[in-house]
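Engineer: Take a look at the following structure, please.
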């Protein structure tokens with residue numbers, strides 16, 4: 001059984017993420033599982049800190065905004081006429097827009113007086129994140145996982161769910 005985190009292994013982490021004031025961002029209700037070794041499955045600073053760690057080791061890593069979801073960009077916030085949106089538009093709804101920078105996911109953050117505020121920043125942009133992690137398991141990646149660049153579950157129907165869970169927090 002593999003015990004140490006090295007390139008091309010699958011890592012399972014038990015974790016929580018808080019902001020600098022201790023507010024819980026992600027309670028880690030499900031373990032984070034990723035393919036280690038430069039596959040962009042986890043923030044680079046976390047992957048670097050985890051390299052060489054063994055099952056059972058604990059780490060606390062602080063990521064500055066630029067090491068996580070970036071700085072908050074006021075230019076990605078706009079106030080627009082509600083007439084430009086469907087009648088059922090509601091706070092929290094998300095939609096993509098294509099710009100010179102590529103596709104950006106915008107969220108509706110406020111609706112008032114015939115205006116809608118949209119924000120293209122990641123909800124965690126501008127926030128430092130503190131990761132408390134325990135290495136729960138390490139195993140060799142399969143050839144298929146290496147070829148695809150991400151992990152696969154025991155059940156093929158789980159693959160998308162596992163991959164998306166990791167993407168939720170790490171990118």
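FYI, it's all coordinate maths here, none of it is from the lab. All figures in this text were calculated on a predicted structure; none of them were measured in a lab. Here Cβ is always computed from backbone atoms with ideal geometry, including for glycine, and neighbour counts include all displayed protein chains.
Engineer: Distance in nm between label sites at residue 95 and residue 80, each 7 Å beyond Cα in the beta-carbon direction?
Structural biologist: Taking the simple label geometry, residue 95 and residue 80 are separated by 0.5 nm.
Engineer: Note down the nm distance, to one decimal, between modelled labels 7 Å out along Cα→Cβ at residue 136 and at residue 48.
Structural biologist: It is 2.7 nm.
Engineer: Compute the helix-to-body angle for 158-170: its Cα long axis versus the longest principal axis of the chain, expressed 0 to 90° and rounded to tens.
Structural biologist: With both axes taken from Cα atoms, the answer is about 70 degrees.
Engineer: Going by a ≥ b ≥ c, the root eigenvalues of the Cα gyration tensor, does the chain fall in the rounded group (a/c under 1.5), the prolate group (a/b larger than b/c) or the oblate group? Don't skip to the end; give the middle numbers.
Structural biologist: Numbers: a/c = 2.54, a/b = 1.88, b/c = 1.35.
Prolate shape, in that a/c is at least 1.5 and a/b is the bigger ratio.
Engineer: Now a separate question. If one computes the Cα centroid of segment 14-32 and of segment 135-153, what distance in Å separates the two points?
Structural biologist: 23 Å
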